[in-house]
Structure formats: structure tokens, C-alpha cells
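The values are calculated or read from the model by the stated rules, or taken from the named source; none is laboratory data. Being a predicted model, the structure only gives us computed values, none of them experimental. So basically every Cβ, Gly included, is an ideal-geometry build from the backbone, and we count neighbours across all protein chains shown.
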Amino acid sequence: MNDLYRLTVSQAHHLLKEREISSVELTKANLRRLAEVEDKVHACVTIDENTAIRQAEEADKAISDGEIKPLMGIPALIKDNMCTKGLRTTCSSKMLENFIPPYNATVIEKLMANKAVVLGKTNMDEFAMGSSTENSAFYPTRNPWNLDCVPGGSSGGSCVSVAADETIYALGSDTGGSIRQPAGFCGVVGLKPTYGRVSRFGLVAFASSLDQIGPVTKSVADCALVMNSIAGHDPKDSTSVPYPVPDYTRALVSDIKNMRIGVPQEYFVEGMQEDVRLNVQAAISKLEELGAKIDWDVSLPHTKYALAAYYILAPSEASANLARYDGVKYGFSYQDTSNMWEAMEKTRQFGFGTEVKRRIMLGTYALSAGYYDAYYLKAQKVRTLIRQEFDHAFEKYDALVTPTSPTVAFKIGEKADDPMQMYLSDVCTLPINIAGVPAISIPAGFANGLPVGMQIIGKPFAEETILNIAFAYEQAVDWHKKKSPV
Amino acid sequence: MKLSHEEVKHIALLARLGLSEGEVEKFGLQLSDILDNFEILKQADTSNLQPTTQSIALQNVLRSDEADVSYPAEDILANAPQRDNNYFKVRAVLE
């Protein structure tokens, strides 16, 4: 087989278990594919071939000894904001360009316990701040469906690497849509789990009350498989919940008869592309055909406050979290001065890119004396309003369905100088982080040759429900099987 | 609302963030634009609501206070921009 790199996690697992392929063969196939397409898409920051091959050899040895685990021997790429011991972790920032973590993030430890293969680290918007992966300090990542377009962000590298078959699956992180929006733009499956479902230990903090790690995969079944391995309580993350982890693959029964699904009107926003609207409506009609009870006219009126609340809360938390980058303990350090304050200011001036500075400024302003009540406290109260609105909706519905983004992928450079326009591309995804509930984006058609994503939102810790709805839809269509031209 | 250059510089000082003159100008305009978009929050009636600081119901998560092995000093110091033996080297704080 020459195109092993195209396998899904489920397929690769089956072939490895039956010993029809080895992990080394599979890993080499992906590394060759990477070498072939990376010049076009720039999805990765660091590739570690030697370690990947060594991990593959270890997996092959374990398999030949009769041991087999779901992700064993299967190549993955990791967003470059998750700490990998001994492998540089840059957050696509000049600030951490040479940072080599002394420990693994908990999700990496879990992959290692599975004897997974880590090929390397993927490009992202600097410190996960952005919606296009143009804010990487290194280079923009390109959309494999159209190389002139952005892949979305901030997990653009992870989503592109999966869409272009550089890897079998990837991990991303999602603070306001950073897994789902690029998954939608790239035609892959991306899940943001419930806040607290996956440990954040070792995830470089952006906005701690909103950040969550999740899978980026080629199919819904793969998403469930990866979740089985990364979810769970972690004593090192006090916000991770001590609830048992279900076997998510058992939820994929494909029967959604009489499932109550709501369609909130506020997510079909002004300025939405007509083709995106039509595709998502057609996808929802498909769910209706499959037996779901669709309420097409749900209203969540507080949605209109979500964007403003998010862009106060996330930058405020970021301004506090990023205070640690002072050039003393690790990271970029401005040396050409004897003055401590000047060294700190210049370290941050030259170490951070424009969007990161803009958000530190915004957050610092919102938290500063005289403005705290009007901005930060107000946004936290609006957060309560939005959460309550979701709680009420979930008394009536098992899930809510929306577009993942109002548009398909836009051109590189198109929104680079207009932060408000860029922020609007997350308008459908960020209310979900504010509420802390889970949501998945799955491929739901094409507009102008570019993928359209459908977002399915669930109750807290009801990942099984949204995975099942996504699975039922995926079984009925074949969007996820379409391959980008690269 | 229009942020003055002085206000922009004051915020930058609070954040210990060096800015070029060009950035002061650009951020002044962009932050003013973004803050204008936040005005919509004034319409939200939050009079009887508690703020949400995080979305899950966990409170006072504690662990037992037991000694455990930490990271070796050498691992932690390996990324230090400047070090002196087993110390991080910093500039004089008091002058």
C-alpha cells in the first residue's frame, strides 16, 4: 500500500492489530507525505523524525509482544502550545522560539502511555490568539483546498495537517473556536470537549477559564477514539473533573430517531454567506430525514452579547497569564540594557507579535482601576446570562445545531488589518466556550470549492450525544471522504 | 470612545509592554474601535446576576499535602536566559 498516510485512526488500528502493516511503515509513509506537501501548506513548526521512528519501533515491539491499545503506533501531530518534553514548544511565538519543556503535558503523557507516535508540532496563531493562523511568528499556514486561503485558526496547522493527510490525527486547543472554526474551514472533524473533560496541564495558558484541548480527525469515529485516550481527571489540573470517562465509541449507534434538536436563529447572522446558510440548512434537513425532531425556530437572544463578553474575558485572562513572559526564567530575553524594567519591556515588545500585544493591551485596560466593573465584571455577569440561556435551551433540546462559521475560508491577508472583522469569524463558536459546553464541527458540504462546517452543541459532559448525531450524519453523507487537491 | 496616546502608554506601562510610536498610534485607534463594539453590553440586564468565573461546579479542590519528587534543578534552569550556578541571574532590582 502506497497511501498508508490516508488511513483513519480506526483503519490504521485495525491493520496494525492484524499485523498487516507495521507502525514504522505507517510512520514513514506519513513522514514522506509530510515532506511532499509541507512546502505548500506550512502546517508544521517542528518535525522530529528520529523520535517518531523510535516510538514507532517501540510500538511495533509492543504489538509483536501481544499488546495493543487504540492509538498504539499511530502517528499524531500536536499543536505547538502543548508541552512536549525535550521537543521545542514555541506557541508559534518568537518569545518561546527556543523553549524546550522539561515535562510533558498530561495529554502527551496519555499518548505516550498508549505508545502513540508523535511526528512533531503544528503551526498556530501566536499563543492561540487568532482565527486564521496568520498570526504565527514564523509563517502563515495555507488551506489545502485553496492555497490562497487561510485554514482558520488558531489550530490551523493541526487541521491542515489532518486535511492534507500529513498525519492520521492531531490535537488542537479551543478557547473561542480554535479547533472548530479551522476544522470547518479545512473539512475535518474537530471537537471542543466540555470544560474540565480533558486536562489542561502542560497546555500553555491563554484564557484559563475557556481553554480546552480536543481531537482533530478525519472521521467522527476517530474523534471518539482519540477522546477515549485523552479525557479524564488529572490531579495536576484542579479544573479537570473527577467524573468517569465513558467509552465514546459505544455512543456511535447512528440512531437519532426522536432526538430533539434546536436551531438557534441568532447563529444565522447578518453577513453570513448564502451558500453556507444553504449547506447547513440542507445538513439539518438531513438530520430531520434521519428521524430527529428539528425545531427550526429557537431563539437565544443573549447570543448578541457573546462576542463582546468573550473579547473582554479572554484578553483579560491572557493579560494575566502572559505576565510570566519577563525574560528571566525562560524564553526570549532582551539583553542590551542594564535596567531591569527596560529589559522586561523590551523583552515583551520584541518577543510578542501584534495580536498578542493588542490583546494584552485590551485585557490590561479591562482590568485596570476604574474600568474593572464596567468591562470585566460586566462581562462575567453576561457570561452567567449566556450560560443560563444554554441551560434553559437544554431543558427542551438534546442538542443545538448551527453553522461553525458565517463564511468559508477567506483569503490570506483579507482581514489582517481589521481585528474586529477577524473576531467576527468566531461569532458562532465562542458562546460555547463562554458556557463551557461541548461542541463538534463536522464537514457539511462545500461552497465555492471550500468546506462548510456544521456545529453540534451539547449539554455539559454530553459528548456522547453530539458524537452520535455527528456520526449519524456522517454515515448518511460522504463529505468527510472528499480529499483536498494537495 | 477615543483612547488618547497618554492612555495607551499608561496601559502599556501597566502591562510592562514596550510599544513603538507607530504601535501607540495604531493600538489607540484599534482599541477605541473594539471598545465601541463593547458598548452593546450596556443593554444586557445583569442586575440580579452573580458573575461566572468558570463554568463547572467544582469548588475548593484540595489535594493531600504530601512531599513528592520535583523536577531536577538542572532541567528547570536549562531554559534560563542567564544563570549563575544554580540561580537565575537577574538585573539589579534596587539601584
Counting only strands (runs of 3 or more DSSP E) entirely within the range A:194-300, those with at least 3 residues that are touching a Ser or Thr at 6+ places or on another chain (Cβ under 9 Å) are A:212-217
Yes or no: A:E166 in contact with a helix residue (DSSP H, G or I) (Cβ under 8 Å, 6 or more places away or on another chain), in contact (Cβ under 8 Å) with a residue 40 or more places away in the chain and of a type in the set (D, E)? yes
Within the range B:35-63, of all residues that are facing chain A (nearest Cβ under 7 Å), part of a helix (DSSP H, G or I) and at pLDDT 95 or above, the one surrounded by the most Cβ atoms within 10 Å (Cβ to Cβ) is B:L41
Exactly one of A:V24, A:V41, A:V37 is of a type in the set (V, I, T), surrounded by fewer than 22 Cβ atoms within 10 Å (Cβ to Cβ) and in contact with a Pro (Cβ under 9 Å, 6 or more places away or on another chain), and that one is A:V37
With the first residue restricted to the range B:78-95 and required to be at pLDDT 95 or above, and the second required to be part of a strand (DSSP E or B), Cβ contacts under 7 Å at 6 or more apart or on different chains are B:A80/B:F88
When every residue in the range A:323-338 that is facing another protein chain (nearest Cβ under 7 Å) and not small (G, A, S) is compared, the one nearest to B:I11 (Cα to Cα) is A:V328
Considering only helices (runs of 4 or more DSSP H) wholly within the range A:1-82, the ones with at least 2 residues that are closer than 14 Å to A:L119 by Cβ, out of contact with any Phe, Trp or Tyr (no Cβ under 7 Å at 6 or more places or on another chain) and modelled with pLDDT of 95 or more are A:23-41, A:49-64
Of (1) at pLDDT 95 or above; (2) assigned to a helix (DSSP H, G or I), A:A374 fails just (1)
### Message
Among the residues of the range A:292-299, are any under 20 Å from B:A44 (Cα atoms) and either touching a residue at least 24 places away in the same chain (Cβ under 8 Å) or within 14 Å of chain B (Cβ to nearest Cβ) (or both)?
### Response
yes
Checked the range B:8-34 for anything more than 8 Å from chain A (Cβ to nearest Cβ) and either part of a loop (DSSP other than H, G, I, E, B) or under 17 Å from A:Y375 (Cα atoms) (or both); matches are B:S32
Checked pairs for the range A:369-391, first under 13 Å from B:F38 (Cα atoms) and more than 9 Å from chain B (Cβ to nearest Cβ), second of a type in the set (D, E, K, R) and not in a helix (DSSP H, G or I), C-beta under 8 Å and 6 or more apart or across chains, list as none
How many residues of the range A:50-92 are surrounded by fewer than 19 Cβ atoms within 10 Å (Cβ to Cβ), in contact with a helix residue (DSSP H, G or I) (Cβ under 8 Å, 6 or more places away or on another chain) and over 25 Å from A:L203 (Cβ atoms)? The answer is 3
Across the range A:339-367, the tally of residues that are assigned to a loop (DSSP other than H, G, I, E, B) and facing chain B (nearest Cβ under 8 Å) stands at 2
Checked against (1) at pLDDT 95 or above; (2) more than 30 Å from A:C428 (Cβ to Cβ), A:D295 satisfies every condition except (2)
From the option list A:E97, A:E109, single residue qualifying as within 23 Å of A:D222 (Cα to Cα) and either over 21 Å from the mean Cα position of the chain (by Cα) or surrounded by fewer than 22 Cβ atoms within 10 Å (Cβ to Cβ) (or both) is A:E109
Of the candidates A:V408, A:V477, the one satisfying the condition of being among the β-branched types (V, I, T), within 19 Å of A:L191 (Cβ to Cβ) and in contact with a helix residue (DSSP H, G or I) (Cβ under 7 Å, 6 or more places away or on another chain) is A:V477
Scanning the range B:64-90 residue by residue, those in contact with a Phe, Trp or Tyr (Cβ under 9 Å, 6 or more places away or on another chain) and either more than 8 Å from chain A (Cβ to nearest Cβ) or in a loop (DSSP other than H, G, I, E, B) (or both) turn out to be B:Y71, B:L77, B:A78, B:N79, B:A80, B:P81, B:Q82
Among helices (runs of 4 or more DSSP H) entirely within the range A:378-486, at least 3 residues that are of a type in the set (G, A, S) and at pLDDT 95 or above occur in A:463-476
The condition of being facing another protein chain (nearest Cβ under 10 Å), crowded, with 22+ Cβ neighbours inside 10 Å, touching a residue at least 24 places away in the same chain (Cβ under 8 Å) and not hydrophobic (A, V, I, L, M, F, W, C) holds, among A:Y310, A:Y305, only for A:Y305
